[in-house]
């Protein structure tokens, strides 16, 4: 699954908490949210002057007070992010209620990160069929191994 497909899938399943989400689908969507926040944070600063830079001898600091564009984006992607997280947990055979671990400082986020990076359950589980079933997971064979039309160069021994 590529970046665009993953983002489109997660936004189409805006509030769908059933089913499964593969690792690529979830992590591409997380990257989309991070990049969106960075870009909109810069746009907020340029348009609305929501941040300031302080510096002195030996340090530079930047403080942002947030802005309307980043805030609206965060609000718009909150529900799809929670839904994608629940579907990702379903893909590993866990209930979406495990997302409540996020409320435990530090340890909850680390446990969830561990769950999110786990491989998918092979085949079907209690939450549905494997979303990547039937798709190639091994790398493509080398062209020379498939009898392609690449000419062979004679070797001198």
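The values are calculated or read from the model by the stated rules, or taken from the named source; none is laboratory data. Everything quoted here is computed from the prediction, not taken from an experiment. Positions of Cβ are generated from backbone atoms using ideal geometry, with glycine treated the same way; all protein chains shown enter the neighbour counts.
Some notes on this structure:
- Extreme residue, surrounded by the fewest Cβ atoms within 10 Å (Cβ to Cβ), among residues of segment 2-15 that are in contact (Cβ under 8 Å) with a residue 40 or more places away in the chain and in a loop (DSSP other than H, G, I, E, B): 15
- If the condition is being more than 15 Å from residue 26 (Cβ to Cβ) and touching a helix residue (DSSP H, G or I) at 6+ places or on another chain (Cβ under 8 Å), then segment 110-125 contributes 111, 125.
- Residue 23 being crowded, with 18+ Cβ neighbours inside 10 Å, within 30 Å of residue 120 (Cα to Cα) and out of contact with any helix residue (DSSP H, G or I) (no Cβ under 6 Å at 6 or more places or on another chain): yes
- From 123, 93, 108, residue being over 14 Å from the mean Cα position of the chain (by Cα) and either assigned to a helix (DSSP H, G or I) or crowded, with 19+ Cβ neighbours inside 10 Å (or both): 108
Residues are listed down the side, and each one gets a yes or a no for (1) assigned to a helix (DSSP H, G or I); (2) more than 17 Å from the chain's Cα centre (by Cα); (3) free of Cβ contacts under 8 Å to residues at least 24 places away in the same chain:
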{"position": "17", "(1), (2), (3)": "no, no, no"}
{"position": "20", "(1), (2), (3)": "no, no, no"}
{"position": "55", "(1), (2), (3)": "no, yes, yes"}
{"position": "69", "(1), (2), (3)": "yes, yes, no"}
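- Residue 53, sole failed condition from (1) in contact with a strand residue (DSSP E or B) (Cβ under 6 Å, 6 or more places away or on another chain); (2) at pLDDT 85 or above; (3) surrounded by fewer than 12 Cβ atoms within 10 Å (Cβ to Cβ): (2)
- Which listed residue is exposed (fewer than 12 other Cβ atoms within 10 Å of the Cβ), out of contact with any helix residue (DSSP H, G or I) (no Cβ under 6 Å at 6 or more places or on another chain) and at pLDDT 95 or above, from 35, 31: 35
- Within segment 38-50, the set of residues being without any contact (Cβ under 8 Å) to a residue 24 or more places away in the chain and either crowded, with 16+ Cβ neighbours inside 10 Å or farther than 30 Å from residue 4 by Cα (or both) comprises 45, 49, 50.
- The condition (being at pLDDT 95 or above, out of contact with any helix residue (DSSP H, G or I) (no Cβ under 8 Å at 6 or more places or on another chain) and loosely packed, with under 11 Cβ neighbours inside 10 Å) is satisfied by just one residue among 75, 79: 75.
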